[in-house]
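Have a look at the structure below before the remarks.
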Amino acid sequence: MKNAGAAQGNSGFRQKGALLVELVLTLPILLAVVFAIVEYSVLLGALLIMNNTTSEAARQVTVFRSGFSQADYEEFARDSLDSLLPQYVGSFRQRVVPSVNATPCGDSICLRLRLVYPDYQNNPIVGNSFFIPLPANLSAEATTRVEPNND
């Protein structure tokens, strides 16, 4: 009778050991999936913020302002990009680079407003401790047409 009890106790110990091995094998995969979800959520949030900022800045610049020259519109667009970009996570706002480029559009001017988070792959918002593929840069742009009054 003692042998039967010892066999049952040994079986319970083996089952606990098997559970521990399963946990050790699956935990890194589970953590990688959780961290990937967090990283991509933050990345998509940053892209959404950048897209909304460029769109809103373009909308504000589109409104006609009497006496504004092309340079005035460009400066206003840069100021709008800077003032509308919110704080996000970490040093997001400091790393984003705004730019405004003017191109002719018929008898008026088109302004291309752009935000770029350079070298995102090496400097992600959330530290990439796993081997999650990330884009090289994050960028968003909007184009608007303005009619400067150079009189």
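Each value in this text was obtained by applying a stated rule to the coordinates, not by laboratory testing. Computed from a predicted model, the values in this text were never measured in an experiment. Neighbour counts run over all protein chains shown; Cβ positions are idealised from the backbone, glycine included.
Rounded to the nearest angstrom and listed largest first, the equivalent-ellipsoid semi-axes of the range 2-146 from its Cα gyration tensor are 57, 11, 11. The distance between label points at Tyr88 and Val38 comes to 1.8 nm (points 7 Å beyond Cα on the Cα→Cβ vector).
In the chain, helices alone account for a calculated mean residue ellipticity at 222 nm of -19000 deg cm²/dmol, with every DSSP H run of four or more residues adding -39,500 (n - 2.57). With a simple spin-label model that places each label point 7 Å from the Cα along the Cα-to-Cβ direction, the separation between Asp72 and Leu19 comes to 7.5 nm. Close amide H contacts of Cys105 (hydrogens built in the peptide plane, cut-off under 5 Å, sequence separation of 5 or more or a different chain): Cys110. The residues Glu75, Glu141, Glu39, when put in order of fewest to most other Cβ atoms within 10 Å, stand as Glu75, Glu141, Glu39.
What FRET efficiency do you get for Glu147 and Asn51 if R0 is 25 Å and r is their Cβ-Cβ distance, rounded to the nearest 0.05? Kindly include the intermediate steps, with their values, before the conclusion.
Values: r = 25 Å, r/R0 = 1.01.
The calculated FRET efficiency here is 0.50.
Applied to the range 24-33, the Karplus parametrisation 6.51 cos²θ - 1.76 cosθ + 1.60 on θ = phi - 60° returns per-residue 3J(HN,Hα) values of 5, 6, 8, 4, x, 5, 4, 5, 4, 5 Hz, with x for Gly and Pro. Normalised by the number of residues in the chain, the average gap of Cα pairs under 8 Å and 6 or more apart makes the relative contact order 27 percent. Ranked by the mean number of other Cβ atoms within 10 Å per residue, highest first, peptides 15-26, 110-121 order as 110-121, 15-26.
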